[in-house]
Amino acid sequence: MIQSERDTIERVKQAAERKIWVTFRKEGIHCYPAAATDPALATNDQYDVSFLGHPHRHIFHFRVWIDVFHNDRDIEFIQFKRWLENLFNQGILQLNFKSCEMIADDLYTHIAARYAERAVWIEVAEDGENGCLIKYETTRPNLTIKI
């Protein structure tokens, strides 16, 4: 490999976006009240989801990515995971009407308060089957927010 190729590789490595991710699960109960009466949801056919209008249980699966700024444990995986799990340590989550997206927004609020100026991506899934991914982008060194 010639020097210019090595230089290019080093520049790319230095400019790389770096994130760590952790996963955890938590039992929760929520509902979607509109599903019981909205004609677009309570359809009385194979697409009927009116049952979602009643409280029901899920195992919520979380995957959280967060910016790190160097390769030597800027944020230690296990500590980050334990801290996130402790945010939900009051037994079964009583989520009322909250969607996966609303749960992600709530979690982001806590993460942003502790880890300012880092992009965070949060995935929340019901039973590991259906869910959301929300990317909370922020200012990073040498980057700007896209509006």
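Kindly provide the set of residues from segment 11-56 that are within 30 Å of GLN90 (Cβ to Cβ) and of a type in the set (Lys, Arg), ordered by number.
LYS19, ARG25, LYS26
Name the single residue, out of those in segment 47-100 being more than 29 Å from LYS13 (Cβ to Cβ) and among the aliphatic types (A, V, I, L, M), that is farthest from the chain's Cα centre (by Cα).
Per the stated criteria, the residue is VAL49.
Pick out the one residue from GLY91, GLY53 that is of a type in the set (Gly, Ala, Ser) and buried (at least 16 other Cβ atoms within 10 Å of the Cβ).
GLY53
For ASP38, which of the numbered conditions (1) modelled with pLDDT under 95; (2) farther than 24 Å from ILE134 by Cα; (3) surrounded by 13 or more Cβ atoms within 10 Å (Cβ to Cβ) fails to hold?
(1)
Quick one: count up the residues across segment 1-50 that are assigned to a helix (DSSP H, G or I) and among the hydroxyl-bearing types (Ser, Thr, Tyr).
Summing the residues that are assigned to a helix (DSSP H, G or I) and among the hydroxyl-bearing types (Ser, Thr, Tyr) in segment 1-50 gives 3.
With GLU27, GLU17 as the choices, which residue is farther than 18 Å from ASN96 by Cα, loosely packed, with under 14 Cβ neighbours inside 10 Å and within 24 Å of the chain's Cα centre (by Cα)?
From the options GLU27, GLU17, the qualifying one is GLU17.
Tell me, please, whether a residue that is in a strand (DSSP E or B) and under 29 Å from ALA16 (Cβ atoms) can be found in segment 87-108.
There is no residue in segment 87-108 that is in a strand (DSSP E or B) and under 29 Å from ALA16 (Cβ atoms).
Could you tell me whether any residue of segment 9-22 is touching a helix residue (DSSP H, G or I) at 6+ places or on another chain (Cβ under 8 Å), under 22 Å from GLY131 (Cα atoms) and free of Cβ contacts under 8 Å to residues at least 60 places away in the same chain?
No; the residues of segment 9-22 include none that is touching a helix residue (DSSP H, G or I) at 6+ places or on another chain (Cβ under 8 Å), under 22 Å from GLY131 (Cα atoms) and free of Cβ contacts under 8 Å to residues at least 60 places away in the same chain.
Restricting the search to segment 109-130, which residues are touching a helix residue (DSSP H, G or I) at 6+ places or on another chain (Cβ under 9 Å), exposed (fewer than 14 other Cβ atoms within 10 Å of the Cβ) and farther than 24 Å from GLU17 by Cα?
Selection gives ASN130 alone.
The values are calculated or read from the model by the stated rules, or taken from the named source; none is laboratory data. Because the structure is a prediction, the values reported are computed rather than measured. Cβ: placed from backbone, ideal geometry, glycine included. Neighbour counts: every protein chain shown.
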